[in-house]
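Novice: Starting off with a structure, shown below.
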Amino acid sequence: MNATNLVGSKLIKDLVTENGVVLIPCNTILTREHVEFIDRHHIPLDLLELERLPRDMTNESLIFKATEEIREIFHYMRRRGTVPIEEVQSSIIPTIHQAAEYPTLYSVLSGLQAKDDYTYRHNIGVGVISTLIGKWLKLSEADLGLLTTAATLHDVGKIRIDDDILNKPGKYTDEEYSLMKRHAEFGYEIICNTPGIDHQVALVALQHHEREDGKGYPYGITENRITYFSKIVAVADVFHAMTSKRVYKEASPFYQVMQQMLSDSFGRLHPVICNVFVQRMMEMSVGSEVTLTDGRKGRILMVHPGDPVNPSILAADEYIDLRKNHHLHIDRLTR
């Protein structure tokens, strides 16, 4: 097997050195970073005992697997009050990195749309999207791994909030909303009380609702006081929340989400991170099949650098430049 074809395979036996040091543990789904590590260290491929996973494991079924794993880990944390960080890093982080090996925008989003398990799937969704952003921003391998961990654990403080509040179908009372906002502080405390976790992970749990203009929470800090990882996770968090169906709202139309992300880059979210995110997400959409707001179906042909959220569409035999059709937009991606 060629090294480049290893991505998506699962190790069915620990990869160890001659001295018995585990390099990659059993049951790890190999990502691009693992493959680069194997190649960089000239590890013979015949030492790898692998199971090839179905191709669609990189999409919805892969996200489902990670969601079930994070559900079990959150239940553990409710009982113990600390994060089982070794389990997170050995089972969930590799799965998220594999899910971020995106072939198309639709294949990414189809797996991330929360069904009836938003509380858990949201953590995986933010982990995947943050990882994509980290790659686009050319983070180092070490920083990317740290970012993925921080993003996946950003909402860990919600384990201290009752499910009947988390899943409430109507509007929160002032008291309930005040408690909900405290999940950022709860998360910081839980992570800080867990040995072996980088402090940056705790800061992301604390700061992912802070905003550039100081209108976030819990402390209303601005710009330079918010960590870079927290700014990335904030972008991923807002996007996934808007594109997910919740108990109290439907998912927002695709064009509204992307327009809102651009609007938020003026004051609320970090402008460079937000604009890189929108541009690259739209570039990933080229070739995707879409439904327009007038019901017509088409395919995205071209994304325009100066106006990425209004691409050119081929609908039947008609070429449509959405930049020139101000009342027509992409409602949703269908494939």
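The values are calculated or read from the model by the stated rules, or taken from the named source; none is laboratory data. Keep in mind the model is a prediction, meaning the values are calculated, not measured. Cβ atoms come from the backbone with ideal geometry, glycine included; neighbour counts cover every protein chain shown. The protein model used for the area step is the full one, side chains on, heavy atoms only, and it has no ligands, DNA or RNA in it. Shrake-Rupley method; radii C 1.70, N 1.55, O 1.52, S 1.80 Å.
Novice: If Gly125 passes every condition in (1) crowded, with 22+ Cβ neighbours inside 10 Å; (2) free of Cβ contacts under 8 Å to residues at least 40 places away in the same chain but one, which one does it miss?
Specialist: Condition (2) is where Gly125 drops out.
Novice: Scan region 242-259 and tell me whether some residue there is aromatic (Phe, Trp, Tyr), free of Cβ contacts under 8 Å to residues at least 60 places away in the same chain and assigned to a loop (DSSP other than H, G, I, E, B). Reasoning before the result, please.
Specialist: In the first step, residues of region 242-259 are kept if they are aromatic (Phe, Trp, Tyr); the result is 248, 254-255.
In the following step, the residues that additionally are free of Cβ contacts under 8 Å to residues at least 60 places away in the same chain were identified as none.
Scanning region 242-259 turns up no residue that is aromatic (Phe, Trp, Tyr), free of Cβ contacts under 8 Å to residues at least 60 places away in the same chain and assigned to a loop (DSSP other than H, G, I, E, B).
Novice: Moving on to the next point. Restricting to region 301-324, count the residues that are open to solvent by 60 Å² or more (accessible area, probe 1.4 Å) and within 21 Å of Ser263 (Cα to Cα). Talk me through it step by step, then tell me what you get.
Specialist: First, pick out the residues of region 301-324 that are open to solvent by 60 Å² or more (accessible area, probe 1.4 Å): 301-302, 305-306, 316-319, 323-324.
Filter once more, keeping what is within 21 Å of Ser263 (Cα to Cα): 305-306, 323-324.
Of the residues in region 301-324, 4 are open to solvent by 60 Å² or more (accessible area, probe 1.4 Å) and within 21 Å of Ser263 (Cα to Cα).
Novice: Select from region 246-268 the residues that are open to solvent by less than 70 Å² (accessible area, probe 1.4 Å) and touching a Lys or Arg at 6+ places or on another chain (Cβ under 7 Å) and write down the one among them that is modelled with the lowest pLDDT.
Specialist: It comes out as Ala251.
Novice: In region 187-205, which residue that is open to solvent by 20 Å² or more (accessible area, probe 1.4 Å) and in contact with a helix residue (DSSP H, G or I) (Cβ under 7 Å, 6 or more places away or on another chain) is modelled with the lowest pLDDT? Lay out the reasoning, then the answer.
Specialist: Let us first name the residues in region 187-205 that are open to solvent by 20 Å² or more (accessible area, probe 1.4 Å), namely 188-189, 192-193, 195-200, 203.
Among the residues that remain, those that are also in contact with a helix residue (DSSP H, G or I) (Cβ under 7 Å, 6 or more places away or on another chain) are: 188, 192, 196-198, 200, 203.
Numbers: Tyr188: 98, Cys192: 97, Gly196: 93, Ile197: 96, Asp198: 97, Gln200: 98, Leu203: 98.
Within region 187-205, the match that is modelled with the lowest pLDDT is Gly196.
Novice: Additional query: Looking at Val286, Val309, which one is under 24 Å from His240 (Cα atoms), β-branched (Val, Ile, Thr) and touching a Pro at 6+ places or on another chain (Cβ under 9 Å)?
Specialist: Details: Val309 fails: touching a Pro at 6+ places or on another chain (Cβ under 9 Å).
After ruling out the rest, the residue left standing is Val286.
Novice: Further, regarding this structure: Consider region 282-300. How many of its residues are within 10 Å of Ile330 (Cα to Cα) and surrounded by 19 or more Cβ atoms within 10 Å (Cβ to Cβ)?
Specialist: Summing the residues that are within 10 Å of Ile330 (Cα to Cα) and surrounded by 19 or more Cβ atoms within 10 Å (Cβ to Cβ) in region 282-300 gives 4.
Novice: While we're here: For region 135-226, please list each of the helices (runs of 4 or more DSSP H) lying entirely inside it that holds at least 1 residues being under 19 Å from the mean Cα position of the chain (by Cα), closer than 30 Å to Gln98 by Cα and in contact (Cβ under 8 Å) with a residue 40 or more places away in the chain.
Specialist: It comes to 141-152, 199-207.
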